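Participant: Provided herewith is a single structure, encoded as structure tokens, for subsequent inquiry.
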Amino acid sequence: MRRKGLIVFRAGLLLALAAFASGPSILTAQTRGPAVVDSRAVGLQPDTTAVQELLRLTNSVRLRHGLSTLRLVERLNQCAHWMAADMAVHGYFGHKDRLGRLVDGRADAFGYRWRAIAENLAGGQESPQEAIQDWMDSPGHRRNMLDPNFTEIGLARVKFPGSKYREYWVQVFGVRRAD
């Protein structure tokens, strides 16, 4: 039997205000920047074919709902790929990475200056179509995909045979902060 999983996370102004109100947090150099992925993940290169298909399918869904398309952004792609590879190699599935960061912290580490950010995770789906369909069938994931405020996206698919889900899918949605 094939294992599948889904998980959703959203951050935005409220999260940023809560973090600001609670004062600065103490971060180590390791949690501030992107960690080096374990040597077992060295061969886990970005799957550009799957990324392009995920982008096409995501934008197709958005267009069907009268929304603008999302622009693929390299920093968000790097953020998504790091998360997919880290989950696969280190055997976890969730929005908090092994360094204790959520998507907002990872986006910061990859140099993406965000005003709003959200992340969809999926595991075990065997095709981009299946990942998109599972996200669309889940209210929280669907809300992220159809949020009219998002303008940019990063995508990843990582295959890691022998891991719990074998295939890991990540969408990171963003709106840049106007500086």
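The values are calculated or read from the model by the stated rules, or taken from the named source; none is laboratory data. Computed from a prediction, not measured in an experiment: that's the story for all the values here. Here the Cβ positions follow ideal geometry from the backbone for every residue, glycine too, while neighbour counts run over all protein chains shown. The accessibility values were calculated without ligands, DNA or RNA, using every heavy atom of the protein model including side chains. Shrake-Rupley method; radii C 1.70, N 1.55, O 1.52, S 1.80 Å.
Participant: Just want the answer: with Cβ charges of +1 for Lys and Arg and -1 for Asp and Glu, which residue in SER127, TYR168, MET83 is farthest toward the dipole's positive end in the range 62-179?
Facilitator: So the residue furthest toward the plus end is MET83.
Participant: Express the carbon and sulfur contribution to the solvent-accessible surface of the range 123-179 as a percent, rounded to the nearest whole number, probe 1.4 angstrom. List each step's numbers first, then the result.
Facilitator: Working: 1140 of 2380 Å².
Using a 1.4 Å probe with all protein chains present, the range 123-179 comes out at 48 percent carbon and sulfur.
Participant: Quick one: Karplus J couplings for the range 97-114, per residue in order, coefficients 6.51, -1.76, 1.60, θ = phi - 60°, nearest Hz, x for Gly and Pro?
Facilitator: 6, 5, 9, x, 9, 9, 4, 4, x, 5, 4, 4, 4, 8, x, 8, 8, 9
Participant: Then there's this: Would you mind counting up the charge near MET136? Only other residues with Cβ under 12 Å from its Cβ, with Lys and Arg at +1 and Asp and Glu at -1.
Facilitator: Details: positive: ARG62, ARG64, ARG142, ARG143; negative: GLU130, ASP134, ASP137.
The answer is +1.
Participant: Test of understanding: what is the full-extension gain from ARG142 to LEU63, defined as 0.36 nm times their sequence separation minus their Cα-Cα distance?
Facilitator: Numbers: separation 79, 0.36 × 79 = 28.44 nm, distance 1.38 nm.
Net length gain for the segment: 27.1 nm.
Participant: Another question about this same structure. If we restrict to alpha carbons, what Rg and Dmax does the range 78-152 come to, in Å?
Facilitator: Gyration radius and largest Cα-Cα distance of the range 78-152: 12.8, 34 Å.
Participant: Right, next: Name the long-range amide H neighbours of GLU167: under 5 Å, sequence gap of 5 or more, or other chain; modelled H, no Pro or chain starts.
Facilitator: GLY124, PHE160
Participant: Viscosity 1.306 mPa s, temperature 10 °C: Stokes-Einstein D of the range 137-179 from its Kirkwood Cα radius, in µm² per second? Spell out each step's value before the answer.
Facilitator: Details: Rh = 12.4 Å.
For these conditions, the coefficient is 128 µm²/s.
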